[in-house]
Structure formats: C-alpha cells, structure tokens
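Asks: The structure follows.
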Amino acid sequence: MDPEKAWKGVLELASKENPFLHSYLVNGQPIEMGHGRLTIGFAPSLADQIEMVDQKKHHKTLEELLAQLGFTGLGLRFVVSKQVAEPIKPKHDDETPSATTPVSQPSDQNSGITESSTAHKAPIVPIDPAAFLEDPLIQKALETFKGRLINIESSA
C-alpha cells in the first residue's frame, strides 16, 4: 500500500466534500502506512493544527474517504514530526521595498490618485444575509468554532 497515493486521494476528495477540513489537512504529509493505519505528520510549527483534525467526526469522514479509495479499514493517526518540512512563510506587504522596486507615480496630476491604488480594487458587492448564512463554509466554521452570528454587515 502506498501512503502517498492514499493521502493524495484523501486530500482530493476532502477538498470537494469538506473544504474547511481540507485547509488543515493539506499541511500534513504521510509518514508511514502499516498496522491498519496511515500516519500523517505535521511540522512542529503546525502542531496546533492536529487539534483541529484529530477529532472523532473527522476521523470518521477521513476513514470513509479512504474506503472510497479502496483503503477499507484503514485508520488515521496524526503526529508532530520533524521529518515534515516547515511551511515557507509568505512575504508580507509591509516589508521595505528594495531600491530597484518601481514606485507608481500619480496618473493624473490633479487627482493625486496613483495607478497602483486604483488598479487592484475589487468591486463592492452587497452581502445578502440569507445567502451568507446558507453558505456551507460559513455553517462549517460556525459549527467548528461553536460560534454564532450577531450581525452581518458589508464593509461598503
């Protein structure tokens, strides 16, 4: 049995069936498969993510996904492992630009608005509170974090 193949299949199915769970699983890597279980390792800096995935309901979901892939009766174990590479930290926008970084100049001397400040603005779309509450990702987040919504407002 190939742990890489099993884990890749689980991630693919989980991305469709439970995107919230998938967002945590994607950071895990298969370490070994044997004795009726697949061991998934997380880098030490991601140890807190194990708490999010190592829950009875998630084990049941993941074991069902493994069964769909032909790995019937295979359980899961989540561990912190130094074998797993630490995730690469993304650069933040607040870093000082280098001397070669071009700076946008105002496109219109009268307006004072720079090209960069208008080029990437997304259109403001009003939020439909009913549709927002029915969104499966929102419902899953509320369920996972045992939350409740008090007020739904648009940032517009």
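Since every read-out is calculated from the coordinates, none of them should be taken as a lab result. Computed from a prediction, not measured in an experiment: that's the story for all the values here. Counting neighbours? That spans all protein chains shown, and the Cβs are built from the backbone with ideal geometry, glycine included.
Asks: Cut-off is 10 Å between beta-carbons; in what order do VAL53, VAL10 appear when sorted fewest neighbours first?
Replies: Least to most surrounded, the residues fall as VAL53, VAL10.
Asks: Quick one: which of LYS82/LYS146; LYS16/LYS82; LYS8/LYS56; LYS82/LYS140 span more than 25 angstrom between C-alpha atoms?
Replies: Over 25 Å Cα-Cα: LYS82/LYS146; LYS16/LYS82; LYS82/LYS140.
Asks: Which of LYS57, LYS140 comes first, and how do the rest follow, when ranked by fewest Cβ neighbours within 10 Å?
Replies: Fewest to most other Cβ atoms nearby, the residues stand as LYS57, LYS140.
Asks: Where a ≥ b ≥ c are the square roots of the eigenvalues of the C-alpha gyration tensor, would you call the stretch 3-80 rounded, which needs a/c under 1.5, or, failing that, prolate if a/b is larger than b/c, or oblate?
Replies: oblate
Asks: For the residue pair ASP135 and ALA47, what label-to-label distance in nm results when each label sits 7 Å from Cα along the Cα-to-beta-carbon direction?
Replies: Roughly 3.3 nm, to one decimal.
Asks: How far apart, in nm, are the 7 Å Cα→Cβ label points at GLN68 and LYS146?
Replies: Label at GLN68, label at LYS146, 2.9 nm between them.
Asks: For ARG37, ARG148, which order do you get if you count the other beta carbons within 10 Å of each Cβ and list the fewest first?
Replies: Starting with the residue having the fewest Cβ neighbours, the order is ARG148, ARG37.
Asks: Suppose we keep just the DSSP beta bridges with both residues in the stretch 3-80; what percent of those would be antiparallel, to 5?
Replies: On the way: 5 of 11 bridges.
The antiparallel proportion sits near 45 percent.
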